[in-house]
Structure formats: structure tokens, C-alpha cells
Amino acid sequence: MTQRLVKMHFGLDAKDWHGHGGEFLWAAPIDEKTSSHFRISNSPYFAKAINHGDIVEATPSGDKAIFEFQKVVERSGHSTYMLIVKIGSPQFPPYWKMLEDRGCSYESMEMNFSIGRRQLLSVDVPPSASIFEVYDILQKGEADGAWAFQEGYAHLPKK
């Protein structure tokens with residue numbers, strides 16, 4: 001059985017570094033009866049405070065396949081980081097392997113920046129990974145020139 005997906009629109013400030021006024025993520029209705037709750041099915045490149053698997057509330061737009069994000073209803077435990085990587089960087093593979101070994105995955109695209117064309121990665125950190133170990137690797141990778149990164153949303157474990 002194929003799961004029905006809709007596009008979820010997240011408004012962004014076009015004056016921010018990425019220059020986009022919005023971003024679309026895929027989302028799956030939680031159930032057909034509750035038409036306002038969805039589970040996010042991928043990770044954002046630009047939108048912050050949202051992660052893969054989060055349950056969100058949204059309202060219909062003028063298009064029945066597009067919904068407008070309103071708020072997060074329940075956190076999935078995933079975290080998101082955005083990385084900018086020089087295409088073909090020899091520093092990237094060994095650092096990425098460390099993240100991959102901790103269960104991280106990514107989606108990627110290429111984008112033009114003032115510093116040239118770069119690969120933009122949206123990194124999904126699963127709840128099973130130590131967010132502290134992952135962050136340490138991200139910092140070391142940045143210090144070694146493998147990437148520049150920013151936090152989209154880090155789900156910190158409860159004490």
C-alpha cells in the first residue's frame with residue numbers, strides 16, 4: 001500500500017543566507033480522519049526547528065496537495081544539521097563515514113554561493129545516535145575544512 005504524501009510549505013525569510021522565501025517538505029497524513037496532523041517524511045535544507053519524523057499541524061492552502069505548516073505537535077527525537085561541502089572535497093568522506101557509522105543519513109543538492117558551487121546536505125541524526133558525539137564530529141569536520149555547518153534543530157535528550 002502506497003502512503004499518500006502532501007507538500008508542506010514552510011515560510012522562510014528570503015533575506016537569509018539561502019535567499020529562499022519558502023521550502024517544501026514531504027509529509028504524510030497521520031490518518032484520514034485528522035486532516036490537520038502530518039508526519040514529516042524528509043529533512044529540511046533551510047527551515048529550522050523541524051526534523052524528519054516530527055508530527056506537525058498544518059492548514060490547507062489553495063491547492064489540496066499543499067499544506068501550510070503551523071506548529072510542531074510532537075518531536076520525533078531526530079535532529080537536523082545543514083552542511084555546505086566543497087564538491088569533491090577529500091576531507092568529506094572520512095568525516096562523513098564517522099557520522100554514517102552513528103546512523104546519520106543525508107539528502108543533498110548543489111547550490112551556487114558567493115564562494116562558488118557547493119553541495120548542500122541536510123543531515124538527519126536519528127534518535128539512536130549520541131547528539132553530543134555527532135556535534136563533536138561536525139565541529140572537527142568544520143575545523144579541518146570538510147564542511148561548514150549550522151544547526152537546524154537539535155533534539156537534546158531529557159535528563
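Structural remarks
- Mean separation of Cα pairs under 8 Å and 6 or more residues apart, divided by the residue count, gives the chain a relative contact order of 20 percent.
- Stretchable slack from A143 to K158, in nm (0.36 nm times residue separation minus alpha-carbon distance): 2.5 nm
- Region 26-72 has equivalent-ellipsoid semi-axes of 17, 12, 9 Å, by the square roots of 5 times the alpha carbon gyration tensor eigenvalues, sorted largest first.
- Region 96-138, accessible area per residue, ligands and nucleic acids excluded (1.4 Å, Å²): 53 Å²
- Gain upon complete extension [I66, R117; 0.36 nm per residue less C-alpha separation]: 15.3 nm
- Using the Stokes-Einstein relation with a Kirkwood hydrodynamic radius computed over Cα pairs, the translational diffusion coefficient of region 33-108 at 20 °C and a viscosity of 1.002 mPa s comes to 147 µm²/s.
- Between I87, I55, I66, the GNM of the chain built on Cα springs shorter than 10 angstrom shows I87 fluctuating the most.
- Where Cα atoms sit under 20 Å apart: lysine pairs in the chain separated by 8 or more or lying on different chains: 11
- Kirkwood-based Rg to Rh ratio, the chain, C-alpha trace: 0.99
- Across all C-alpha atoms in region 112-155, the radius of gyration and Dmax reach 12.0, 36 Å.
- Nonpolar atom fraction for region 25-143, defined as the carbon and sulfur part of the 1.4 Å probe accessible area, stands at 51 percent.
- Multiplying the residue separation of D101 and F132 by 0.36 nm and removing their Cα-Cα distance gives an extension gain of 9.7 nm.
- Cα-Cα separations in region 84-159 greater than 19 Å, expressed as whole percent: 33 percent
The values are calculated or read from the model by the stated rules, or taken from the named source; none is laboratory data. This one's a predicted model, so the numbers in the text were calculated from it and none came from an experiment. Surface accessibility is based on the protein's heavy atoms, side chains included, excluding ligands, DNA and RNA. Shrake-Rupley method; radii C 1.70, N 1.55, O 1.52, S 1.80 Å.
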